[in-house]
Amino acid sequence: MRLLLIGFGNVARTLAEMLSVEKNNFPRLNRLQAIPVGIATAAHGNVYNKNGLDWAELLQYFGAHSGFQGHSSFTKNTTLQLIEYADYDVLVELSALSVSEQGEPAVRHVRTALQRGKQVVTANKGPAAFAFRALRELAGAKGVRFLFESAVMDGAPVFNLARTALRGATITGIRGILNSTVNYILQEIEQGESLDTALEKAKQRGITETDPSYDLHGWDAAVKLCVLGNALLDKELHPGNIRREILDETVAAQARQALLRGMRLKQIAEIIPDGALITGKVFFSAVRPVDRFYSVSGSGSILQIGTDVMAPIIIQQSDPNLYDTAYGVLNDLLELRENRISRHLFYSEKLK
Ligand SMILES: NC(=O)c1ccc[n+]([C@@H]2O[C@H](COP(=O)([O-])OP(=O)(O)OC[C@H]3O[C@@H](n4cnc5c(N)ncnc54)[C@H](OP(=O)(O)O)[C@@H]3O)[C@@H](O)[C@H]2O)c1
């Protein structure tokens, strides 16, 4: 499987490490046989070699030279030129989210690859939040997949679960703590920190969005809520239409007050379908110890999925890190690989 990577940031480099220098730690990933043919970045140079590149060498070179300039496979081709003309099987879109640009340029990256009949895997929330239906239909028309498991809850199986275990169920509602950075900041405030210091600590841990206002202003949770609503409820949600409460000094005071009353303030993201109408909101609410959301600590997250046939299903994640996100991307790649094999078997059997 030949990959074209867009972005060589935290997630992409972790993925590269898992497939090379750390591969002995993850034996079940070895069957993936994913070979990079190209990597595009915004400002650190691009590389391309249709015969394949080497993960470990790329990591080493990138680290030693702070980019790909001067690499033997360095190319002046732009990101979009590589997506349009390079020889690859799967586009792995790992560029940063832009809310102000409505998910661009990632939406265009994904659309261009799908138009060429390439498979797409992404951890970027933008494409599924801002253009889900169009991209899903395009993928369907071209007979390829558009997978984005890591876009919500860092690789924990949300979309995989819905696709497989919930085939016969209609999802009726979604409620979760989706922004682990805000959860961490609220916990720091409970422990006596000011909002500014709590935010600074989150930045030092590297868990804030590149633009921390995406966390504080509820954009990150709103965008994730749209990905969930679009993909699981088959609605057309837009981040701009999600009501958001901002994490400010008033909310910080509410968090301290809630603690005095034996409760914890949580940022909740919720979709409530109401016939044809659908409301999505991101808000703060004090929860009691009996509430499952109470125990979500640090940079953890939780998602409650309501269905027409089953009792609510809860997915909870404790302090995920970059390995979780990179794993979600790799699991999507495994799904593509296994699809290809089962399709091949199916057609070969039919031919017999
Ligand atoms: N970090 C997490 O734990 C996590 C969890 C879930 C989902 N995600 C999502 O996964 C994606 C990657 O996250 P990350 O933490 O790896 O981000 P990151 O460290 O900020 O890396 C982003 C990468 O994208 C590149 N890039 C930006 N615009 C580009 C363009 N137009 N063409 C080519 N490359 C471009 C950047 O290049 P330069 O370095 O040259 O600027 C950089 O290499 C993001 O969408 C993020 O929201 C991340």
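The values are calculated or read from the model by the stated rules, or taken from the named source; none is laboratory data. All values derive from a computational prediction rather than experimental measurement. Neighbour counts are summed over all protein chains in view; Cβ atoms, including those assigned to glycine, are modelled from backbone coordinates with ideal geometry.
Per-structure values
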read-out	value
The stretch 17-53: number of residues that are over 18 Å from GLU335 (Cα atoms) and either surrounded by 15 or more Cβ atoms within 10 Å (Cβ to Cβ) or in contact with a Pro (Cβ under 6 Å, 6 or more places away or on another chain) (or both)	15
Looking only at the stretch 210-232, and only at residues there that are within 14 Å of the ligand (Cβ to nearest atom) and under 14 Å from ASN183 (Cβ atoms), the one that is surrounded by the most Cβ atoms within 10 Å (Cβ to Cβ)	ALA221
Selection within the stretch 310-326 - crowded, with 17+ Cβ neighbours inside 10 Å and farther than 30 Å from ALA96 by Cβ	none
Residue match in the stretch 90-106 (condition: acidic (Asp, Glu) and in contact with a strand residue (DSSP E or B) (Cβ under 9 Å, 6 or more places away or on another chain))	yes
Of residues in the stretch 256-299 being touching a Ser or Thr at 6+ places or on another chain (Cβ under 6 Å) and at pLDDT below 95, the one nearest to ALA222 (Cα to Cα)	ILE272
Entirely in the stretch 182-297, the helices (runs of 4 or more DSSP H) that have 3 or more residues that are closer than 23 Å to GLU101 by Cβ	213-216, 219-232
Every pair of residues 6+ apart whose Cβ atoms lie under 8 Å, when the first sits in the stretch 74-101 and is among the acidic types (Asp, Glu) while the second is in a loop (DSSP other than H, G, I, E, B) and near the ligand (Cβ under 10 Å from one of its atoms)	GLU93/GLY7; GLU93/ALA123; GLU93/ASN124
Residues within the stretch 142-171 that are modelled with pLDDT of 95 or more, of a type in the set (Gly, Ala, Ser) and within 16 Å of the ligand (Cβ to nearest atom), tallied	3
The stretch 28-44: number of residues that are modelled with pLDDT under 95 and within 14 Å of the ligand (Cβ to nearest atom)	0
All positions within the stretch 203-227 that are modelled with pLDDT of 95 or more and touching a helix residue (DSSP H, G or I) at 6+ places or on another chain (Cβ under 9 Å)	ASP215, LEU216, GLY218, TRP219, ASP220, ALA221, ALA222, VAL223, LYS224, LEU225, CYS226, VAL227
First in the stretch 1-27 and touching a residue at least 12 places away in the same chain (Cβ under 8 Å) and within 16 Å of the ligand (Cβ to nearest atom), second anywhere and among the acidic types (Asp, Glu) and not in a loop (DSSP other than H, G, I, E, B), Cβ under 8 Å, 6 or more apart	ILE6/GLU93; GLY7/GLU93
Failed item, numbered, when LYS125 is tested on (1) buried (at least 18 other Cβ atoms within 10 Å of the Cβ); (2) of a type in the set (D, E, K, R); (3) under 15 Å from LEU5 (Cα atoms)	(3)
